[in-house]
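**Q** One structure is given below, represented as structure tokens, and several questions about it will come after.
The values are calculated or read from the model by the stated rules, or taken from the named source; none is laboratory data. Owing to the predicted nature of the structure, the values given are computational and were not obtained by experimental measurement. With ideal geometry, Cβ positions are generated from the backbone for all residues, glycine too; neighbour counts draw on all protein chains shown.
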There are 2 protein chains.
Amino acid sequence: MRAKRISRFEFQLLERLWELGPSSVREVQEALPPEHRPAYTTVQTMIYRLEQKGAVRRVKKTGNAHIFEAVLARTTVHKRLVADLLEMFGGSPASVMSCLVETGKLTLSDVRAIERELSKREKKL
Amino acid sequence: MRAKRISRFEFQLLERLWELGPSSVREVQEALPPEHRPAYTTVQTMIYRLEQKGAVRRVKKTGNAHIFEAVLARTTVHKRLVADLLEMFGGSPASVMSCLVETGKLTLSDVRAIERELSKREKKL
DNA sequence: GCATTTCTACTACTATTGTAGTATTTATAG
DNA sequence: CTATAAATACTACAATAGTAGTAGAAATGC
């Protein structure tokens, strides 16, 4: 059972599903930002593809509409994305962090929070 | 002047170029890991496409071979990749870091190194 | 100087992603 | 019950990404 690659836009749809919980195609479509909201059938196609990739499943029917939910947890997919990026960086998390710092997105307090999380974790082991 | 999207494999080729410095198609191809080394002309096509995207340029000729080099610095492209990922995470660097921590890739000393880098930077401003 | 090797330039094909139309089925309002 | 509204299932097509073959030009070995 392959964990197939999930494209950018597919990922956007998954985000909606995580946010909304089990939803119809219509609900997902309407949850997309108006400045980039493709046609209903476009969203439908994408959700069908996610289904084929095993990333989404039908859970029930409400009226004549299928209700879909994400199969994987958000954090699972997030971890995979980060792992992919990490691989592209030659496995060096320090360089990923450096980039975050240089784009000014990572503040000292972010880092201190992580540090606390980590010390806690290391104590447990 | 559009900064066009760079695909996974194109990124691999750029990595080789950054590593090797200005190189011929052959050199790039041979620098790829044997377990996934496509045909010479495949690499050639990709490099041509990178050229069209403005990510690579011809610098000279050696024998009958063109020598290519990356136009952008590695760190520039890395930053863009990280920025993209960050956007997918809703702009929250903390959640990116959490993922790194949870996959066990980020150690306490990595974090402390970053923290030092950041304090230094903040003092300068 | 010519044969051989190597590279280029071009073309081609498949898979994936993004986009949406159309025909049919299903539910729902009266 | 039937007209209508909505969703489905299916098909299609363009753009990008990945892969590679082929014809011909250019350098190289002798």
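**Q** Can you tell me which residue among A:LEU72, A:LEU125, A:LEU118, A:LEU108 is modelled with pLDDT under 85 and more than 8 Å from every other protein chain (Cβ to nearest Cβ)?
**A** A:LEU125
**Q** Name the pairs whose Cβ atoms lie under 8 Å apart, with the first residue in the range A:36-48 and farther than 11 Å from A:GLU10 by Cα, the second of a type in the set (D, E, K, R), and 6 or more positions between them or separate chains?
**A** Final answer for the pair search is A:ARG37/A:GLU30; A:TYR40/A:ARG26.
**Q** So B:GLY104 passes all but one of these: (1) part of a loop (DSSP other than H, G, I, E, B); (2) touching a residue at least 60 places away in the same chain (Cβ under 8 Å); (3) of a type outside the set (Asp, Glu). Which condition number does it fail?
**A** Unmet for B:GLY104, out of (1) part of a loop (DSSP other than H, G, I, E, B); (2) touching a residue at least 60 places away in the same chain (Cβ under 8 Å); (3) of a type outside the set (Asp, Glu): (2).
**Q** Let me ask something additional. Pick out the one residue from A:VAL43, A:VAL56 that is hydrophobic (A, V, I, L, M, F, W, C) and touching a Phe, Trp or Tyr at 6+ places or on another chain (Cβ under 6 Å).
**A** After applying the criteria, what remains is A:VAL56.
**Q** Those residues that are over 22 Å from A:LEU118 (Cα atoms) and at the interface with another protein chain (Cβ under 7 Å from one of its Cβ atoms), I need them from the range B:86-101; list them, please.
**A** Hit for the range B:86-101 is B:MET88, nothing else.
**Q** Could we say that A:LYS123 is more than 16 Å from B:CYS99 (Cα to Cα), more than 16 Å from DNA strand C (Cβ to nearest atom), assigned to a helix (DSSP H, G or I) and not assigned by TED's automatic domain parsing to the domain that holds A:ARG26 here?
**A** Taking the combined requirement at face value, the residue satisfies it.
**Q** Can you list the helices (runs of 4 or more DSSP H) lying wholly within the range A:25-98 that have 3 or more residues being surrounded by fewer than 17 Cβ atoms within 10 Å (Cβ to Cβ) and among the polar types (S, T, N, Q)?
**A** A:40-52
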